[in-house]
Amino acid sequence: MPVRYVETSRLPTAWGVFDIHGFEDPDSNKEHIVLTMGDVSDGEPVLARIHSECLTGDALFSLRCDCGNQLEAAMKAVSEAGRGAIFYLRQEGRGIGLLNKIKAYKLQDAGADTVEANEQLGFGADMRDYSILGPMLRHLKITRVRLMTNNPRKVAAMEENGVSVVERVPLHCASNPHNEKYLKTKGAKLGHLFTGRAK
């Protein structure tokens, strides 16, 4: 069964009042949300972010990644624009789950990079499924986006779901000694772009 819409409510935040839209995926038994601000259904390009859940980074302020900083930067950018959408997908640890991510952290402590750790646990480098975006995009009537991302795979995901990416907006956050290797691995092995804009 496809992802289905459940309900919408208001969500006051430090960056203003968003609408929070709830969706559920019966196949995986996971719940996903989209935060929107302003009218995103008017056909004009929407400032958007696809953000995969990262409990350690988003909620526990981990310095091992840049996830929490990217989420805050995206919410701030949408607030400043007065219009946008943030797709928050429950795909922890690039799709391997929270407990497996902790196991991957242990392997990283022993010297593995993030890709090597996932592979040593028997997973692919990135297990996320972006096909679940389709029903959410259609429900919100979003057809064109300015996508805040450094990940070309997310640009492709939008286009595969029938949405035109008119601009890739880089989303860079400061590195620290704990995530330098993580960021280098994203660039070297996962193709993330850390300079310039896509054409």
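Miscellaneous remarks
- Flag not set for C67, criterion: out of contact with any strand residue (DSSP E or B) (no Cβ under 8 Å at 6 or more places or on another chain) and buried (at least 18 other Cβ atoms within 10 Å of the Cβ).
- Pick from the stretch 35-52, criterion buried (at least 21 other Cβ atoms within 10 Å of the Cβ) and without any contact (Cβ under 8 Å) to a residue 60 or more places away in the chain, ranking: nearest to M136 (Cα to Cα): L35
- Per-region count, the stretch 23-53, residues under 17 Å from E7 (Cα atoms), over 15 Å from the mean Cα position of the chain (by Cα) and in a strand (DSSP E or B): 5
- Exclusive hit being within 19 Å of V169 (Cα to Cα) and part of a loop (DSSP other than H, G, I, E, B), set I142, I86: I142
- Hits in the stretch 96-120 (condition: under 19 Å from the mean Cα position of the chain (by Cα) and either surrounded by fewer than 18 Cβ atoms within 10 Å (Cβ to Cβ) or part of a loop (DSSP other than H, G, I, E, B) (or both)): I96, G97, L98
- If only residues of the stretch 129-159 that are among the hydroxyl-bearing types (S, T, Y) and closer than 19 Å to R4 by Cβ are counted, the one that is surrounded by the most Cβ atoms within 10 Å (Cβ to Cβ) is Y130.
- Taking the criterion of being under 20 Å from D113 (Cα atoms) and either modelled with pLDDT of 95 or more or assigned to a helix (DSSP H, G or I) (or both), the residues of the stretch 55-72 that qualify are L55, T56, G57, C67, G68.
- Among the residues making up the stretch 71-95, those that are aliphatic (A, V, I, L, M), buried (at least 20 other Cβ atoms within 10 Å of the Cβ) and under 14 Å from the mean Cα position of the chain (by Cα) are L71, A74, M75, A85, I86, L89.
- Only one of G162, G191 that is of a type in the set (G, A, S), at positive phi, modelled with pLDDT of 75 or more and surrounded by fewer than 17 Cβ atoms within 10 Å (Cβ to Cβ): G162
- Filter pass, E80 being part of a helix (DSSP H, G or I) and without any contact (Cβ under 8 Å) to a residue 60 or more places away in the chain: yes
The values are calculated or read from the model by the stated rules, or taken from the named source; none is laboratory data. Please read these numbers as outputs of a predicted model, since none were measured by experiment. Using ideal geometry, Cβ is built from the backbone for each residue, glycine included, and neighbour counts are taken over all protein chains shown.
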